[in-house]
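The values are calculated or read from the model by the stated rules, or taken from the named source; none is laboratory data. What you see is a predicted model, and the numbers here were worked out from it, not measured in a lab. Cβ atoms come from the backbone with ideal geometry, glycine included; neighbour counts cover every protein chain shown.
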Amino acid sequence: MYEWILPSLREILATSELTINNNSSNNCSSVQAEQQWRVSLAATENLLLQTLGKTAFSSHQGLVLAAPAPLFSQPHLTQTLKTITFTAKPFNPLALMPFAMDAEIAENRENINIQKNCPQESILPLLAADPLGAEQFCLVFTDKFRLVLVLSEHKNGKKEFGFSFDAEIVEQAWRSLGSRVIFTNPELFAELDILVKNYPLVAPNYNTVVQFSQLLLQELTITENNHITYNSPSNAPIPQPENKQITRPDVELLQAFAHEVRTPLTTIRMMTRLLLKKQDLPSNVISRLQIIDHECTEQIERMELLFKAAELETNKDTINTTQSVHSQLTKMSLDQVLQQSIPRWEQAATKRNLKLNVALPKELPMVVSNPNMLDRMLTNLMENFTRSLPPGSCIHVQVIPAGDQLKLQLTPQLDCENQSQSFKLPIKKSLGQLLMFQPETGTISLNISATKNLFQTIGGKLIVRQRPQNAEVLTIFLPLEVSHHEAI
């Protein structure tokens, strides 16, 4: 049941599994919701600037439906986007004015009072009883993507932020708004509906979602005092909550975007594997589908690790986390995991013109860990490791017993053919509490602290040894199986 005769945008987003919102945890505060709203708007503005480009003026590059005020201040966007604002503010003379139509439409409707001072912006009213008046929202329509962001307030005063790139959810949000236009300005609904239909109803593009997530993370700057500032010049200072334990907006947003990226990739992989089951496919098509499947799997597993790291950071102060982690550990064959992982390591090394040497003992003892997580973490660690080495280098992988543990060590040998070649360590910048950014490659990955925490959850330990003017040496320790008892 809806609160009113028409659903609010919060209610529409709540019905979708593809919606990302901050209501997944009871600890999320109204301040955090406002922070997420502001940061997401700044990322949206930057995404639009990048996707629309610095082209000449055009009124058909995008459409924005917003409330309760215009949200973007960049001159290029205000000129190239048609913006329509919904408001329930009483005694606002502008609220009675219809949205600005194209010149050819306006010629046929001379009785309509069009705003002359800013032809790309206009205002439509909301009824006073409409709960949508208590929501701040932004619907974006372009040729490349559709997006909806909503900051809503419950009756108890608590605020909630949610967003979705799912085109069907954005379409439902527009239908809800369109129904309201029929109530307040029925003669204008058809023209507005035509404007929306100018932009395709297509599935979200993976690259767009990743680009958005990178822009959003770049907007977050965590200071030493846990205060949050934003790169967007239009944002006002944000008060801090009294409970500092829940001030982790970048962690929550990392969870959200890891899920948002993983969802379309899973769909793409499923469709790819269905195609691979078809008979009599040309060999070149099979090869390309297999590449798609591999790339999707690689990024899905990467997103799952990011999500797991964010989840671990969110729950690190709870008692049940440790119990839950240890309950997932079991005795396992490391040899079996390595047989699956090594071909992927070789592929990652070959892709970057590196050599991989693996030295394994004849027999590997059983270890205690989480088989699925260990495989993903080792592959992700190797992927990040190869990105930090210059072409021509070697990676030596050695596995040896070390007391009651098994040691797996990654040692780089820079430029095997020319050891005298100079090497500069890649620059890495911190992004929030969990991520680091490598400007040279554009790579975003978990930082050392988050990676170490993940290895702890699977019973292991990661040690990173820094070498001056040289690459890092990574060592992973895994506990051996105890023959007489398997409890940890």
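Numbers below:
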{"read-out": "Top-ranked residue of region 169-186 - restricted to ones that are free of Cβ contacts under 8 Å to residues at least 40 places away in the same chain and not β-branched (Val, Ile, Thr), ranked as farthest from TRP37 (Cα to Cα)", "value": "PRO186"}
{"read-out": "Pairs where the first residue, in region 410-437, is of a type in the set (Asp, Glu) and the second is modelled with pLDDT of 80 or more and part of a loop (DSSP other than H, G, I, E, B), C-beta under 9 Å, 6+ apart", "value": "ASP415/PRO390; ASP415/PRO391; ASP415/GLY392; ASP415/SER393; GLU417/GLY392"}
{"read-out": "Candidates LEU281, LEU265, LEU274, LEU254 - the one that is farther than 30 Å from GLN36 by Cβ, assigned to a helix (DSSP H, G or I) and not charged (D, E, K, R)", "value": "LEU274"}
{"read-out": "Residues being aliphatic (A, V, I, L, M), over 26 Å from the mean Cα position of the chain (by Cα) and within 12 Å of PRO125 (Cβ to Cβ) - total across region 62-90", "value": "2"}
{"read-out": "Subset of region 340-372 that is among the charged types (D, E, K, R) and within 29 Å of the chain's Cα centre (by Cα) - its residue that is surrounded by the fewest Cβ atoms within 10 Å (Cβ to Cβ)", "value": "LYS351"}
{"read-out": "Residue that is modelled with pLDDT under 80 and not in a loop (DSSP other than H, G, I, E, B), where the choices are VAL39, VAL31", "value": "VAL31"}
{"read-out": "First in region 249-261 and without any contact (Cβ under 8 Å) to a residue 24 or more places away in the chain, second anywhere and crowded, with 24+ Cβ neighbours inside 10 Å and among the basic types (Lys, Arg), Cβ under 6 Å, 6 or more apart", "value": "none"}
{"read-out": "Qualifying position, being modelled with pLDDT of 90 or more, of a type in the set (A, V, I, L, M, F, W, C) and either over 25 Å from the mean Cα position of the chain (by Cα) or assigned by TED's automatic domain parsing to the domain that holds ARG344 (or both), among ILE476, ILE427, ILE488", "value": "ILE476"}
{"read-out": "Residue match in region 374-385 (condition: modelled with pLDDT of 90 or more and surrounded by fewer than 21 Cβ atoms within 10 Å (Cβ to Cβ))", "value": "no"}
{"read-out": "Sole exception among (1) modelled with pLDDT under 90; (2) among the hydrophobic types (A, V, I, L, M, F, W, C); (3) in a helix (DSSP H, G or I) for LEU364, by number", "value": "(3)"}
{"read-out": "Single residue of region 46-77 satisfying the filter (more than 19 Å from ALA173 (Cβ to Cβ) and in a helix (DSSP H, G or I)) that is modelled with the lowest pLDDT", "value": "PRO75"}
{"read-out": "Which numbered condition LYS159 misses (of (1) modelled with pLDDT of 85 or more; (2) under 19 Å from LEU65 (Cβ atoms))", "value": "(2)"}
{"read-out": "Any hit, region 461-469, residues being among the polar types (S, T, N, Q) and in contact with a Leu (Cβ under 7 Å, 6 or more places away or on another chain)", "value": "no"}
{"read-out": "Residues that are modelled with pLDDT under 85 and either at positive phi or of a type in the set (A, V, I, L, M, F, W, C) (or both), drawn from region 266-299", "value": "ILE268, MET270, MET271, LEU274"}
